[in-house]
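Peer 1: Once you've had a glance at the structure underneath, I'll fire off some questions.
The values are calculated or read from the model by the stated rules, or taken from the named source; none is laboratory data. Because the structure is predicted, anything quoted here is derived from the model rather than measured. Here the Cβ is made from the backbone with ideal geometry for all residues, glycine too, and neighbour counts use every protein chain on show.
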Amino acid sequence: MYVSRVEILVRDLARSQDFYGGLLGLADERVRVVEGVADDGWVDDDRQLGNRHLAFYVSDVDAEAARLARAGVEFLFEPVDHKGGVRLAYFRDPDGTVLELLSGTPTYDRTRSPALAAQERTALPGPGEPPRLAHLAVTVQRPPADGVIGEMDIEEKGMLLTFVAGPVPLELASFARGELLPEANGNLRAVGT
């Protein structure tokens with residue numbers, strides 16, 4: 001799976017450009033805001049095949065979340081330490097697209113490529129730098145074997161997260177057991193796959 005950029009579908013282009021470029025300070029050519037909102041049956045369930053959320057590295061999740069909250073952004077959950085030694089928080093853009101703030105690169109249960117893991121650590125922004133694209137999260141039936149940085153088991157959900165390098169890094173969720181929901185991508189479109 002090769003992704004060169006991500007398009008975020010929005011209802012009001014000017015409002016969303018203010019949100020992403022102004023409020024978030026995002027200036028990443030791999031992420032584009034495009035007018036048009038999907039109506040494809042997307043639900044907030046990890047078992048639904050397709051694009052789940054878009055994650056951005058920030059130097060300090062807590063400070064960034066507090067800044068966004070003061071500007072009126074409502075969080076799905078406040079910053080929390082997560083498996084793999086990262087800190088993260090989730091919120092929605094004005095059209096409901098799920099976004100993640102992420103500090104730190106994960107420590108994998110199984111590192112498949114130490115070289116790619118070392119390269120991943122260079123993507124972290126320093127204090128005062130704008131957010132950087134961390135990954136597009138996608139639920140898949142089976143993760144690929146090529147380009148894998150590492151894997152992380154989320155036992156409580158029966159989920160395997162596979163991190164894949166590329167122009168747009170991917171966080172691929174797969175499940176060993178249980179039924180998956182039909183594919184839907186919400187307002188996120190992967191381009192170049």
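Peer 1: Suppose the filter is at pLDDT below 95 and surrounded by fewer than 20 Cβ atoms within 10 Å (Cβ to Cβ); does LEU49 pass it?
Peer 2: No: the conditions fail for LEU49.
Peer 1: Between ALA38, ALA14, which is touching a strand residue (DSSP E or B) at 6+ places or on another chain (Cβ under 9 Å) and of a type in the set (Gly, Ala, Ser)?
Peer 2: ALA38
Peer 1: Restricting to region 120-166, name every residue that is without any contact (Cβ under 8 Å) to a residue 12 or more places away in the chain and aliphatic (A, V, I, L, M).
Peer 2: ALA145
Peer 1: Okay, next question. Looking at (1) in contact with a helix residue (DSSP H, G or I) (Cβ under 7 Å, 6 or more places away or on another chain); (2) more than 23 Å from ALA190 (Cα to Cα); (3) surrounded by 18 or more Cβ atoms within 10 Å (Cβ to Cβ), which is the only condition LEU88 fails?
Peer 2: Among (1) in contact with a helix residue (DSSP H, G or I) (Cβ under 7 Å, 6 or more places away or on another chain); (2) more than 23 Å from ALA190 (Cα to Cα); (3) surrounded by 18 or more Cβ atoms within 10 Å (Cβ to Cβ), LEU88 violates only (2).
Peer 1: So which of THR139, THR193 is at pLDDT 95 or above, hydroxyl-bearing (Ser, Thr, Tyr) and within 14 Å of GLY50 (Cα to Cα)?
Peer 2: Exactly one residue qualifies, and that residue is THR139.
Peer 1: Also, quick follow-up: Restricting to region 77-119, name every residue that is touching a strand residue (DSSP E or B) at 6+ places or on another chain (Cβ under 7 Å), assigned to a helix (DSSP H, G or I) and touching a residue at least 40 places away in the same chain (Cβ under 8 Å).
Peer 2: Scanning region 77-119 gives a single hit, LEU116.
Peer 1: Name the residues in region 1-48 that are among the acidic types (Asp, Glu), under 16 Å from the mean Cα position of the chain (by Cα) and over 19 Å from GLY186 (Cα atoms), would you?
Peer 2: ASP28, GLU29
Peer 1: Could you list all residues from region 24-33 that are farther than 9 Å from PRO130 by Cα and surrounded by fewer than 15 Cβ atoms within 10 Å (Cβ to Cβ)?
Peer 2: Those that are farther than 9 Å from PRO130 by Cα and surrounded by fewer than 15 Cβ atoms within 10 Å (Cβ to Cβ): GLU29, ARG32.
Peer 1: In the set ALA123, ALA184, ALA134, which member is under 27 Å from TYR20 (Cα atoms), among the hydrophobic types (A, V, I, L, M, F, W, C) and assigned to a strand (DSSP E or B)?
Peer 2: So the residue among ALA123, ALA184, ALA134 that is under 27 Å from TYR20 (Cα atoms), among the hydrophobic types (A, V, I, L, M, F, W, C) and assigned to a strand (DSSP E or B) is ALA134.
Peer 1: Something else about it: In the set VAL3, VAL43, which member is out of contact with any Cys (no Cβ under 8 Å at 6 or more places or on another chain), outside any strand (DSSP E or B) and within 20 Å of MET159 (Cβ to Cβ)?
Peer 2: VAL43
Peer 1: Tell me the residue from GLY150, GLY178 that is within 22 Å of GLY85 (Cβ to Cβ), among the small types (Gly, Ala, Ser) and either under 17 Å from the mean Cα position of the chain (by Cα) or not in a helix (DSSP H, G or I) (or both), please.
Peer 2: Result: GLY150 is the single residue among GLY150, GLY178 that is within 22 Å of GLY85 (Cβ to Cβ), among the small types (Gly, Ala, Ser) and either under 17 Å from the mean Cα position of the chain (by Cα) or not in a helix (DSSP H, G or I) (or both).
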